[in-house]
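K.L.:
There's a structure below that I have some questions on.
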């Protein structure tokens with residue numbers, strides 16, 4: 001029954017084909033594993049090939065072997081070529097049978113162990129940043145690039161998008177099945193909408209690292225803007241942000257983190273899916289039980305609308321809604337490039353010129369890079385020829401910096417721009433805080449949700465040159481607009497004029 005080391009029944013076309021498939025697949029897996037280990041770089045496509053595509057072929061090849069043996073046994077038995085015993089026959093007293101049995105058991109254990117390791121590696125690969133951000137390169141490129149330039153760049157995607165536990169893992173994979181279909185058949189929208197409805201509650205993700213009971217105190221931040229004049233005049237604003245806290249045990253039930261549902265519970269009803277229009281709020285004091293409802297006095301919700309809605313409990317993501325995927329506006333990115341020295345502020349009107357080329361609508365990123373490379377030098381060649389001849393290096397550096405900033409925030413192929421993804425932190429170019437703190441949310445008792453600047457921050461210093469001033473009291477400075485707009489800033493939200501480009 002045993003010939004050449006294998007049972008006689010193995011010697012048929014089906015079983016030999018199965019052995020060939022299994023052997024070739026195993027060697028291919030081994031080769032790619034060694035190649036990946038030698039390169040040290042994570043390749044999303046190689047991982048899919050090694051851990052998800054090749055293993056089924058290996059299993060298929062091994063399954064064909066006993067199928068072929070069974071068919072061969074049936075054939076021999078039917079035509080009576082030789083007298084054979086009932087199959088399978090295992091006689092451990094027979095040295096050949098015993099050796100074959102030992103080889104089978106050892107091979108099965110080895111294959112089982114390798115399969116377990118491979119299955120874990122396959123699971124681990126689907127949880128990796130490379131798989132999430134690079135497998136569907138064109139589709140997820142905006143999210144992946146923004147993530148790499150965020151403060152969470154060393155936090156795996158799944159830590160926020162999935163979190164711990166099997167339940168949300170299964171839910172995410174089921175959701176991913178449709179995404180695979182949409183990508184394969186080009187059914188996905190452009191731009192990709194923010195998955196607000198599918199996000200896991202922040203208490204189960206964000207708060208595993210950020211401990212809300214310990215949020216307290218204030219943070220000092222400086223925002224440096226550059227004006228659109230020929231001198232690129234800097235206009236820094238140095239603020240003390242009242243982060244505060246919401247835990248009565250620390251005594252810090254004030255400031256921005258007062259909203260954290262510890263001392264109070266904040267709920268709201270938005271009119272739109274992106275939660276940018278909030279006309280109704282309810283605040284419940286955890287200690288006294290007092291409930292206060294605020295409505296937009298200009299455009300309140302009807303009783304029917306309130307009854308039909310399910311109020312959302314405010315959490316981290318209602319303000320920190322772009323923690324890892326921020327698409328910054330041309331104004332923000334060029335300000336940053338000038339501040340960090342990547343763009344020379346002595347180049348006349350470079351702020352205005354760079355913002356203009358960034359805000360232009362392009363069909364592809366290649367078109368944008370090419371246009372930026374020509375438009376900025378052309379401006380100085382025609383408008384400031386002496387600057388063009390004297391500061392060629394600075395102009396080229398400005399071109400490169402503007403191209404880099406564009407590539408990090410604007411993705412024409414996916415129609416992704418800064419204005420398509422509102423950032424709720426602050427209120428400069430999006431409503432943000434002023435979705436509630438606009439001065440129009442009033443309770444039945446006549447209480448108004450404040451619109452005062454000092455509720456959230458204190459201006460320590462602002463301005464430059466002769467207009468520079470510094471606070472001398474703890475109340476700080478009254479805001480001073482860089483341009484003379486009289487008292488308009490008191491009634492108009494910043495975001496109503498500032499769009500991320502030239503005002």
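The values are calculated or read from the model by the stated rules, or taken from the named source; none is laboratory data. Keep in mind that what you see is a predicted model, and the values were worked out from it rather than measured. Cβ coordinates were reconstructed from backbone atoms using ideal geometry, including for glycine residues, and neighbour counts include every protein chain displayed.
K.L.:
Kindly provide the set of residues from the stretch 294-330 that are farther than 22 Å from residue 210 by Cβ and surrounded by fewer than 16 Cβ atoms within 10 Å (Cβ to Cβ), ordered by number.
P.N.:
297, 298, 299, 302, 303, 304, 305, 307, 308, 309, 310, 311
K.L.:
Residue 89 - would you say it is out of contact with any helix residue (DSSP H, G or I) (no Cβ under 7 Å at 6 or more places or on another chain) and either at pLDDT 80 or above or outside the structural domain of residue 108 (by TED's automatic domain parsing) (or both)? Working first, answer last.
P.N.:
On the way: out of contact with any helix residue (DSSP H, G or I) (no Cβ under 7 Å at 6 or more places or on another chain): yes; either at pLDDT 80 or above or outside the structural domain of residue 108 (by TED's automatic domain parsing) (or both): no.
Spelling it out, it is not the case that residue 89 is out of contact with any helix residue (DSSP H, G or I) (no Cβ under 7 Å at 6 or more places or on another chain) and either at pLDDT 80 or above or outside the structural domain of residue 108 (by TED's automatic domain parsing) (or both).
K.L.:
Something else about it: What residue, of 348, 300, is outside the structural domain of residue 429 (by TED's automatic domain parsing) and either farther than 14 Å from residue 396 by Cα or not in a helix (DSSP H, G or I) (or both)? Before you say what the answer is, go through the steps one by one.
P.N.:
Details: 300 fails: outside the structural domain of residue 429 (by TED's automatic domain parsing).
The match here is 348.
K.L.:
Would the stretch 464-474 turn up any residue that is in a loop (DSSP other than H, G, I, E, B) and either in contact with a helix residue (DSSP H, G or I) (Cβ under 7 Å, 6 or more places away or on another chain) or outside the structural domain of residue 294 (by TED's automatic domain parsing) (or both)? I'd like the intermediate steps shown before the answer.
P.N.:
Narrowing the stretch 464-474 to residues in a loop (DSSP other than H, G, I, E, B): 464, 468, 471-474.
From the residues that got through so far, the ones that are either in contact with a helix residue (DSSP H, G or I) (Cβ under 7 Å, 6 or more places away or on another chain) or outside the structural domain of residue 294 (by TED's automatic domain parsing) (or both) too are none.
Looking through the stretch 464-474, none of the residues is in a loop (DSSP other than H, G, I, E, B) and either in contact with a helix residue (DSSP H, G or I) (Cβ under 7 Å, 6 or more places away or on another chain) or outside the structural domain of residue 294 (by TED's automatic domain parsing) (or both).
Residue-wise test of (1) surrounded by fewer than 12 Cβ atoms within 10 Å (Cβ to Cβ); (2) closer than 27 Å to residue 419 by Cβ; (3) touching a strand residue (DSSP E or B) at 6+ places or on another chain (Cβ under 8 Å).
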residue	(1), (2), (3)
90	yes, no, no
94	no, no, no
106	yes, no, no
128	no, no, no
141	no, yes, yes
171	no, no, no
186	yes, yes, no
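K.L.:
Would you say residue 205 is surrounded by 13 or more Cβ atoms within 10 Å (Cβ to Cβ) and under 15 Å from the mean Cα position of the chain (by Cα)?
P.N.:
Details: surrounded by 13 or more Cβ atoms within 10 Å (Cβ to Cβ): yes; under 15 Å from the mean Cα position of the chain (by Cα): yes.
Yes; evaluated as a whole, the condition is true for this residue.
K.L.:
Has the stretch 382-391 got at least one residue that is in contact (Cβ under 8 Å) with a residue 12 or more places away in the chain, crowded, with 18+ Cβ neighbours inside 10 Å and not in a helix (DSSP H, G or I)?
P.N.:
Yes, the stretch 382-391 contains at least one residue that is in contact (Cβ under 8 Å) with a residue 12 or more places away in the chain, crowded, with 18+ Cβ neighbours inside 10 Å and not in a helix (DSSP H, G or I).
K.L.:
If a residue must be crowded, with 19+ Cβ neighbours inside 10 Å and free of Cβ contacts under 8 Å to residues at least 12 places away in the same chain, how many such residues does the stretch 331-348 contain?
P.N.:
Of the residues in that region, 0 qualify.
K.L.:
Go through the stretch 126-155 and report how many residues are touching a helix residue (DSSP H, G or I) at 6+ places or on another chain (Cβ under 6 Å), under 19 Å from residue 205 (Cα atoms) and outside any helix (DSSP H, G or I).
P.N.:
1
K.L.:
So which residues in the stretch 204-224 are outside any strand (DSSP E or B) and touching a helix residue (DSSP H, G or I) at 6+ places or on another chain (Cβ under 6 Å), if there are any at all? Let's see the steps before the verdict.
P.N.:
So the first thing to find is which residues in the stretch 204-224 are outside any strand (DSSP E or B), and the list is 204-218.
Matches in the stretch 204-224: 205, 206, 215.
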